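Where a number appears in this text, it was derived from the coordinates with a stated rule and is not lab data. Since this is a predicted model, take the numbers as computed values, not measurements. Cβ: placed from backbone, ideal geometry, glycine included. Neighbour counts: every protein chain shown.
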Amino acid sequence: MSGLFSSGGLGFTIGSKSEKTTLDQQTMEQAGSTIGSIEGNVNLIAGNQVNSAGTTIISGQDTNISGKNVTIDNTVNTYDSQYKYEFKQSGLSVSLGGGVIDAATGAYNDIQRSGQVQDDRLKTLYEYKAVKDLEKLKDFKGNLTKGVGVNVSIGSTTITSEQNTHVESVNPSNISAGGNVNITATDGDINLKGTKITATDVTLDAKNDINLDAAQNQQQIDGKTSSSSWSLGASFGLDGNFTGLTGGFGSGRGTENGNTVTHTGSVIDAAGTVTLKSGNDTNIIGSQVKGDKVVANIGGNLNLASLQDSDDYTANNQSTGIGFGTGKISGTTGSFNTGKTNSNYDSVTGQAGIFAGAEGFDIYVGKNTDLKGAVIASEAEAVKNALSTGTLTFANMENRAKYSSSSIGVNYNAGKDANGKSVAKKDQGLTPNISVTASGDASSTTQSAISPGTIEVRSNPNQDLSGLSRDPEGAVNALGKIFDKKTVQEKQELAQVFGEVAYQKIGDLAIQNGWVQGGSETAALHALVGGIMSQMGGGTFASGAVGAGVSEAVQSELSKITDPALRQWASVSTR
């Protein structure tokens, strides 16, 4: 649109403005077949292969499936979206400025932000900042017009934001019988993936292998943002006198990538007995076999392994700004900031294994039994649980959640502020920003475990099993996610704002009390603030306190450097 419109704050723009949001979506849902008999049996008998995906099979009595190889798979539903936001504005802008307006605007923005954040401590800090901003109006007591001016400028602003999302969700196969389910592979394998079987008794009988696998759910997010702006204008006092020229340029860009993976395992759930027979191996990966009694006769290996869900996130951002002024507000400012966030999460959330009820388990394995973060569990008394295997191997799985978010930047400042006052020496030149890192780290162990009962290792009857847990109930130790983007951003913001407020207060106290730079008083306070900032960001109090204390301790040497910017760089390098 073109015309007259608000430019935010105490100003308006005459020009053009466009704002556009687009969202494209594509969904593909798999419609599975249904095979059923309300009161009778369902028999699927093939002379060669049985292949089924995303199918629901229901019978009032028994379900019998037989073929040389039997494969029952899941299907996958997909969802894709492409989101794009575009904003463009250009024209002639007129706004009020000056020290009074800056103070009032700063207070207003602080109050606004205090209502947006969730952390109560951060709310309080912004409310405190608002009060301090309003106190600046005392400088113009009796002559408020001196701190008010009119800014007239031409300029342009462009913002673009894009996000692409891809989701894959498992559509499982389901077999449900009022009686029994019998699946037979006469010349090969039984392959079940993302499949649930519910019945009174369940029998899986394969000449070769039985494979119970988990299917993957996945969500991918890729986003990017970019912005740029420029302006060139002039400032006038309320009396109409010209006070100077102003100009500036700013740009920013950022990217984010997220990838989440969860698993939908195959589940055999029998009210009575589950029977597993395989001429070669039986592999239970990210899946579960449940029955009041579980009986297995495995000619080869029994492999049980849990799978870890994962959630990975990365983000990078960068911004640059340049400004200048002439006349009363002469000077140059500049800034460069860059930040990054990394988060990784890997944890078992649903443990794989064999879960027997009150009748226990009776398992015979011709070769090796291997458990990786998996269990053979039972609710029965120990005398009803028996495992006989050629060899036995087991290992735990380590779960880990870790994130870090950090930023670094520099500012350049020279000349006068909006009130026409010279910038304080400590803020002149090229100076580093206060860097705040938020981080977190957590871990747990998913143990392999076998319920109390008889364990016979035929090749090594005296094998040391002291490292094997006999408590399946407490073995999973799932790790919760510790990274939340909004929470982490507020944690960094809390430390940043606290540091700004606290270090300013220390500076005021030093002036009021005549403390020397590098003295014991300021050193102690800087160490205290540094420790608190580190703790707020997720680090330790000691590391922040030591860093701030060391920095302060060398100030007596740094004071010999006459360039204030170089002195601040040296101070930061000691942290």
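Results, tabulated for the structure shown:
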read-out: Fully extended contour minus Cα-Cα distance, from residue 379 to residue 128, at 0.36 nm per residue; value: 84.4 nm
read-out: Environment charge at residue 156 (Cβ cut-off 11 Å; Lys +1, Arg +1, Asp -1, Glu -1); value: +2
read-out: Eligible aspartates and glutamates near residue 17 by straight Cα distance, threshold 12 Å, same-chain separation 8 or greater; value: 86
read-out: Modelled label reach - residue 22, point 7 Å along Cα→Cβ, the range 69-91 residues with backbone N closer than 15 Å; value: 81-88
read-out: Ranked list, fewest to most other Cβ atoms within 10 Å of each Cβ, for 393, 273; value: 393, 273
read-out: Potential extension, residue 330-residue 118 segment - 0.36 nm per residue separation minus Cα distance; value: 72.4 nm
read-out: Simple label model, 7 Å out from Cα along Cβ direction - residue 251 to residue 186, nm; value: 7.1
read-out: Packing-based exposure ordering (other Cβ within 10 Å, fewest first) of 501, 289; value: 501, 289
read-out: Charge sum, other residues only, whose C-beta stays under 12 Å from residue 401's C-beta, Lys/Arg counted +1 and Asp/Glu -1; value: -4
read-out: Sites residue 111 and residue 459, calculated FRET efficiency, Cβ-Cβ separation with R0 56 Å, nearest 0.05; value: 0.15
read-out: Burial ordering of 397, 1, 28, fewest other beta-carbon atoms within 10 Å first; value: 1, 28, 397
read-out: Within the range 256-360, percent of DSSP bridges classed antiparallel, to nearest 5; value: 55
read-out: Isotropic mean projected area of the C-alpha convex hull, the range 211-294 (nm²); value: 11.7
read-out: Calculated FRET efficiency for the pair residue 445/residue 320, C-beta based, R₀ 56 Å, to 0.05; value: 0.75
read-out: Highest-first arrangement of 193-202, 39-48, 81-90, 338-347, where packing means the average Cβ count within 10 Å; value: 193-202, 338-347, 81-90, 39-48
read-out: Backbone N within the range 262-290 under 19 Å of label point (7 Å from residue 30 Cα along the Cβ vector); value: 262-268, 285-288
read-out: Burial ranking of peptide ranges 109-119, 213-223 (average Cβ count within 10 Å, highest at the top); value: 213-223, 109-119
read-out: Label point distance in nm, residue 138-residue 512, each placed 7 Å from Cα along Cα→Cβ; value: 1.0
read-out: When each of 88/136; 367/402; 372/402; 84/129; 123/224; 68/196 is checked by Cα-Cα distance, pairs over 31 Å; value: 88/136; 367/402; 84/129
read-out: Gain in span if fully extended, residue 402 to residue 471, counting 0.36 nm per residue against the direct Cα distance; value: 22.1 nm
read-out: Estimated FRET transfer efficiency when R0 is 56 angstrom, pair residue 236-residue 164 (beta carbons, to 0.05); value: 0.75
